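*Asks:* My questions will all concern the structure given below.
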Amino acid sequence: MAACFEALLDEPVLRSRFDKAVGGSGLDRTTTARLTVLAFLHDFGKANAGFQFAVGETRPGRPPRVNHIAASLFACRRPDVVDALGLSELAGAWGYQAFEALLSAALAHHGFPATLPNATGDGPLNIWRRFKAYDPLLACRELNRLSRQWFPEAFEKGPELPKSPALSHLFAGTLAIADQIGSNEHLFPFESDPRDCYIDVARQRARDAVGKLGFARARWRLRAPEASFQTIFGHPSPRPLQRAVNDAPVECPLLILESETGSGKTEAAVWRFARLFRAGLVDGLYFALPTRAAAQQLHRRVHEALQRVFPSDAHIETVLAIPGYLKAGEATGWRIGKFDVKWRDNPEDADGLARWSAESARKFLTATAAVGTVDQALLSGLLVKWAHFRGSALARSLLVVDEVHASDAYMNEVLLAVLRGHLQVGGHALLMSATLGSEARDALARPGAHQVRRTELADAKRVAYPVLTLSSADGQPDFKRFGATGYEKDVVMESRSVLREPTRIAQLAVGFASQGAKVLVVRNTVREAQTTFAEARNQSADGLLLQVNGGPALHHSRFAAEDRILLDDAVERALGKRRVPGGQVVIGTQTLEQSLDIDADVLLTDLCPVDVLLQRIGRLHRHQSHGRPDGFARPRCLVLVPEDGLEAPGLLRYGLGMSRRGGIYRDLRILELTRRLVSTHAVWTIPKMNRMLVEEGTHPGRLAELEAELGSSWVDRSIESDGRAIAERQVARRHSIKRDRSFQDVSFPDLDEQVRTRLGEDGPRIELADPICGPFGRSVATFNLPAHMFRGADGMPSTKEIEEARAESVSGGLILHVGSHRLRYDRVGVGELA
């Protein structure tokens with residue numbers, strides 16, 4: 001493991017992160033060697049006799065089996081073990097405070113800080129006594145001797161270890177990565193009796209391993225092709241926003257790009273990465289999306305572009321970073337047992353090893369390039385197992401977070417924690433949004449600030465759009481205005497009081513489609529999407545509905561993972577760049593609003609916050625090249641609102657308002673301001689009006705004015721909504737890693753389940769042991785089910801019941817059996833049996 005740590009530190013980008021964490025003149029030769037000694041000693045607890053004789057039956061007189069991490073902590077309380085290892089001498093010579101922090105980090109190589117099983121005592125005494133011919137203290141002295149022989153520079157005179165919290169956290173994660181590499185028995189065959197010269201063998205194997213697993217990337221930078229826009233994307237010239245992002249100084253670590261949907265932000269991000277890569281400032285890319293569907297849709301585009309960023313012999317395969325999926329580039333695989341993976345293309349050993357990062361969720365961020373959900377990045381900032389592993393892997397990469405907006409207080413607070421840690425060690429990030437309010441932008445531009453600066457409404461509306469914000473060291477963001485994309489659309493806005501009338505909604509959609517229009521219907525909840533779909537079918541409109549494998553379908557999150565791929569493809573065929581003429585209705589939920597490259601003539605959407613509404617409108621007239629049917633030359637948006645106002649009961653069913661368990665769109669003030677914007681502005685000119693619309697619909701000043709106008713009942717609702725958001729931010733801060741505190745001061749909750757990337761009840765993830773043919777004719781096995789389906793008397797299924805879940809075929813679909821629960825799965829998704 002020490003040799004793997006050395007090999008990782010030989011990579012310039014990671015080395016620069018350590019330099020930044022140390023501060024001053026960076027990581028000197030002596031400090032590097034001392035860190036390597038601590039890496040070498042990371043498993044000294046295995047020297048205990050209980051561990052060495054763990055195999056076989058426990059018999060009287062035999063030392064008890066003790067977890068080697070706990071044994072290490074117990075050993076630190078025993079003067080004889082400490083003396084044998086030379087730990088006191090090292091702490092005295094290298095600086096006690098930093099030594100303690102870094103030793104704690106070294107003992108966390110299994111993904112979380114080491115803790116004793118009990119608060120007092122020295123553990124079983126006989127594990128450190130001689131047993132048979134084995135003497136644990138002699139083994140510790142041998143470790144001490146070898147550390148001095150193999151890493152002599154560590155013991156030369158030099159400065160004390162840096163007292164840097166950032167270093168201790170970065171060291172913990174890098175050591176965990178090195179431990180995972182060094183534990184690969186194929187790359188490091190077992191040596192029963194290693195000689196003193198074994199370090200030479202280990203170093204050569206470590207260099208080979210780091211290369212084969214895709215960590216040695218500096219060699220590619222020197223041979224990377226020209227990173228021109230035309231070379232990468234095949235277009236002769238970039239758009240203004242793409243030019244602005246590429247021209248931003250490489251020394252600026254944080255950019256925030258605001259531009260309308262479909263304006264080319266993805267290409268701007270890839271081009272930015274290419275420039276930073278060639279400058280030696282990053283050597284990896286993680287593209288974080290809000291949903292699995294968005295990540296799946298974007299994966300191919302990013303993968304194909306990166307083939308022209310790296311030299312051809314690098315064989316970069318962009319990982320799809322979604323748990324349960326096994327995809328690297330074009331290759332797909334399946335899991336065999338708990339740890340092994342079989343790839344369909346039967347790669348050679350070298351190519352198979354290069355897919356190491358794709359084979360487990362905790363390794364996703366170690367990939368040279370990956371596209372996945374934002375959750376994977378957020379896990380690097382939370383108090384959960386493998387957070388430091390993820391954080392140190394991410395440190396090398398450009399972190400791109402797409403579709404950032406202010407709708408989730410908890411996730412945004414966690415994102416701020418991730419950005420603080422990432423930038424603290426010299427990482428780079430690019431945040432992108434079509435709809436970012438001033439308050440959210442100001443917070444994200446200053447992730448290290450303790451208090452958000454409030455921008456007055458008039459000033460907020462004067463900020464240019466589109467715009468690139470450069471976050472500066474002095475805390476003052478620099479706004480770079482650039483020209484628009486050249487495509488402006490006038491969207492005809494109309495409010496319809498039919499939110500509670502699925503029959504009428506279906507009639508409107510079918511009527512437009514009958515005139516040849518491509519119609520997108522976005523409901524806020526799965527239940528209402530399913531109800532609207534059923535009403536459309538009742539109107540004998542099957543032929544106009546989205547078609548999947550010979551029958552009608554709709555699009556939402558409650559489908560098997562395998563079928564979600566079919567549904568995404570079907571939506572893109574119906575409404576994508578290559579859509580064919582003819583009317584069609586696509587009904588779904590929020591899964592249709594983010595990152596799917598689709599183009600509708602008419603949008604019917606439930607009322608939602610204005611920033612979300614603009615995301616949905618981004619799916620209208622997305623491509624200028626498409627011909628439009630008669631009567632639909634102008635994009636048209638019908639916003640479905642309650643006929644009796646937002647104070648009426650029963651709106652939670654439609655995703656509006658808040659209950660004790662939460663809600664989808666909880667702030668009624670923002671919903672009311674959005675409703676008014678639709679009523680008062682008959683035409684929305686996009687993107688010219690984006691800034692005004694977002695600020696008028698979300699700015700704290702406008703919210704306060706609305707409260708004063710509407711009276712005490714709205715003030716009470718506002719207090720409840722704001723209080724919930726404040727509480728969620730506090731929970732996020734409590735759950736986030738404080739990388740400005742030394743590693744030994746970090747403690748993790750007892751259970752990872754207490755800490756999540758998104759607040760709310762977690763439903764079970766079902767992985768059928770025996771895949772079965774689903775309603776669309778494809779074999780299915782993976783279901784992510786919502787918690788509310790299990791709120792009955794039987795409650796949430798146990799782990800054992802989830803593992804033993806099964807399915808049976810019935811007419812039109814399946815019945816899922818999860819413990820005592822029975823759920824139906826058919827063309828409308830998972831639902832409760834009647």
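The values are calculated or read from the model by the stated rules, or taken from the named source; none is laboratory data. For clarity, every value in this text was computed on a predicted model and none was experimentally measured. Cβ placement follows ideal geometry from the backbone for every residue including glycine, while neighbour counts extend to all protein chains displayed. SASA here: full protein model, heavy atoms, side chains in, ligands and nucleic acids out. Shrake-Rupley method; radii C 1.70, N 1.55, O 1.52, S 1.80 Å.
*Asks:* Using mean Cβ contacts within 10 Å as the protection proxy, how do 369-377, 280-288 order, highest first?
*Replies:* 369-377, 280-288
*Asks:* Ok, one more. At 1.4 Å probe size, with every protein chain present, just tell me what the per residue accessible area of region 534-692 comes to in Å². Let's see the in-between values first.
*Replies:* Working: 5650 Å² over 159 residues.
Per residue, region 534-692 has 36 Å² of solvent-accessible surface.
*Asks:* E705 accessible area, nearest 10 Å², 1.4 Å probe?
*Replies:* My reading of the accessible area for E705 is about 100 Å².
*Asks:* Which one of L668, V580, A409 is farthest out on the positive end of the charge dipole of the chain, using unit charges on Cβ (Lys, Arg +1; Asp, Glu -1) and the Cα centre as origin?
*Replies:* Working it through, the farthest residue towards the positive pole turns out to be V580.
*Asks:* Starting from the Cα of K738, draw a straight line to each of the lysines and keep only those under 24 Å, dropping any in the same chain fewer than 8 residues away.
*Replies:* By straight Cα distance, K738 reaches K20, K163, K363, K385.
*Asks:* If R0 is 45 Å, what FRET efficiency do you get for E153 and N184 from their C-beta distance, rounded to 0.05?
*Replies:* With R0 = 45 Å, the Cβ-Cβ based efficiency is 0.95.
*Asks:* Grab the Cα-Cα distance for V715 and E456, subtract it from 0.36 nm times how many residues apart they are, and report the gain in nm with one decimal.
*Replies:* The V715-E456 span can extend by a further 91.1 nm.
*Asks:* Could you tell me the distance between the Cα centroids of region 380-399 and region 157-203, to the nearest Å?
*Replies:* Using only Cα atoms to place each centre, the spacing works out to 19 Å.
*Asks:* Right, something else. Would you rank K157, K342 by solvent-accessible area, highest first, keeping every protein chain in place and using a 1.4 Å probe?
*Replies:* So, going from the largest accessible area down, we get K157, K342.
*Asks:* Follow-up question, since we're still on this one. Largest first, how would S679, S380 line up by accessible area (1.4 Å probe)?
*Replies:* Accessible-area ranking of S679, S380, largest first: S679, S380.
*Asks:* Please give me the summed charge of the neighbours of S820: other residues whose Cβ is under 14 Å from its Cβ, Lys and Arg +1, Asp and Glu -1.
*Replies:* 0
*Asks:* Let me ask another. Starting from the 7 Å offset along Cα-to-Cβ, what nm value, one decimal, do you get for the label separation of V492 and C197?
*Replies:* So the two model labels end up 8.5 nm from each other.
*Asks:* For n ≥ 4 DSSP H runs only, could you compute -39500 (n - 2.57) per run for the chain, divide by its residues and tell me the 222 nm figure to the nearest 500?
*Replies:* Theoretical 222 nm ellipticity from helices: -11500 deg cm²/dmol.
*Asks:* Pick out, from T31, L213, S237, the residue whose Cα sits farthest towards the positive end of the charge dipole of the chain, with +1 on the Cβ of Lys and Arg and -1 on the Cβ of Asp and Glu.
*Replies:* Going by the Cα projections, it comes out as S237.
*Asks:* If ligands, DNA and RNA are left out, what is the accessible area of M658 with a 1.4 Å probe, given in Å² to the nearest 10?
*Replies:* Using a 1.4 Å probe on the heavy atoms, I get roughly 40 Å².
*Asks:* Another one. What's the FRET efficiency of A769 with Y134 using the Cβ-Cβ distance as r and R₀ = 60 Å, to the nearest 0.05?
*Replies:* 0.90
*Asks:* Semi-axes of the equivalent ellipsoid for the chain, please: Cα gyration tensor eigenvalues, times 5, square-rooted, ordered largest first, whole Å.
*Replies:* On the way: eigenvalues 495, 181, 141 Å².
Ellipsoid half-lengths, sorted descending, are 50, 30, 27 Å.
*Asks:* Oh, and also: Using a 1.4 angstrom probe and counting only protein chains, how large is the accessible area of S147 in Å², to 10?
*Replies:* Accessible area, nearest 10 Å²: 0 Å².
*Asks:* Continuing with the same structure: Which value, in debye to the nearest 20, gives the size of the charge dipole of the chain about its Cα centre, when Lys and Arg are +1 and Asp and Glu are -1 at the Cβ?
*Replies:* 520 debye
*Asks:* Looking only at the chain, where both bridge partners belong to it, what percent of the DSSP beta bridges are antiparallel (to the nearest 5)? Each step should come with its number before you reach the end.
*Replies:* On the way: 43 of 88 bridges.
DSSP beta bridges in the chain are roughly 50 percent antiparallel.
*Asks:* Which of the lysines could a cross-linker span from K132 if the Cα-Cα distance has to be under 29 Å and same-chain partners fewer than 8 positions apart are dropped?
*Replies:* Correct list for K132: K46.
*Asks:* How much of the accessible area of region 381-525, probe 1.4 Å, is carbon plus sulfur, in whole percent?
*Replies:* Result for region 381-525: 46 percent of the exposed heavy-atom area is carbon or sulfur.
*Asks:* In nm, to one decimal, how far is the R145 label point from the R65 one, both placed 7 Å along Cα→Cβ?
*Replies:* 3.1 nm
*Asks:* Something else about it: Report the Cα centroid-to-centroid distance between region 228-295 and region 568-590 in angstrom, as an integer.
*Replies:* What the calculation gives is 27 Å, centre to centre.
*Asks:* Leaving ligands, DNA and RNA out of it, rank R15, R78 by accessible area with a 1.4 Å probe, largest first.
*Replies:* Final ranking, largest accessible area leading: R15, R78.
*Asks:* Run the numbers for Y96 and R15: contour at 0.36 nm per residue of separation, minus the present Cα-Cα distance, in nm.
*Replies:* Extra length available between Y96 and R15 comes to 26.7 nm.
*Asks:* On to the next question. Sorted by packing (mean other beta-carbon atoms within 10 Å per residue), highest first, where do 101-113, 565-577 land? Walk me through the intermediate numbers first.
*Replies:* On the way: 101-113: 24.1, 565-577: 18.8.
Ranking the peptides 101-113, 565-577 by packing returns 101-113, 565-577.
*Asks:* Lysines within cross-link reach of K800: Cα-Cα under 20 Å, excluding same-chain residues under 8 positions apart?
*Replies:* K338
*Asks:* Assign one of three labels to region 439-544, namely rounded, prolate or oblate, based on the Cα gyration tensor with a ≥ b ≥ c the square roots of its eigenvalues; rounded applies when a/c is under 1.5, prolate when it is not and a/b is larger than b/c, and oblate otherwise.
*Replies:* Here region 439-544 falls in the prolate category.
*Asks:* In a shell of Cβ-Cβ distance under 11 Å around R301, excluding R301 itself, what net charge do Lys and Arg (+1) and Asp and Glu (-1) give?
*Replies:* Combined, the nearby Lys, Arg, Asp and Glu give -2.
*Asks:* Hey, another quick one. Testing the spin-label approximation: label points 7 Å from Cα along Cα→Cβ at S820 and D28. State their distance in nm.
*Replies:* For the pair S820/D28, the computed spacing is 6.9 nm.
*Asks:* What is the calculated FRET efficiency for A704 to D644, with r their C-beta to C-beta distance and R₀ = 35 Å, to the nearest 0.05?
*Replies:* For R0 = 35 Å, the calculated efficiency reads 0.85.
*Asks:* Ok, one more. In the chain, if the dipole is taken from +1 on Lys/Arg beta carbons and -1 on Asp/Glu beta carbons about the Cα centre, which of V452, G543, M689 is farthest to the positive end?
*Replies:* The listed residue farthest towards the positive side: M689.
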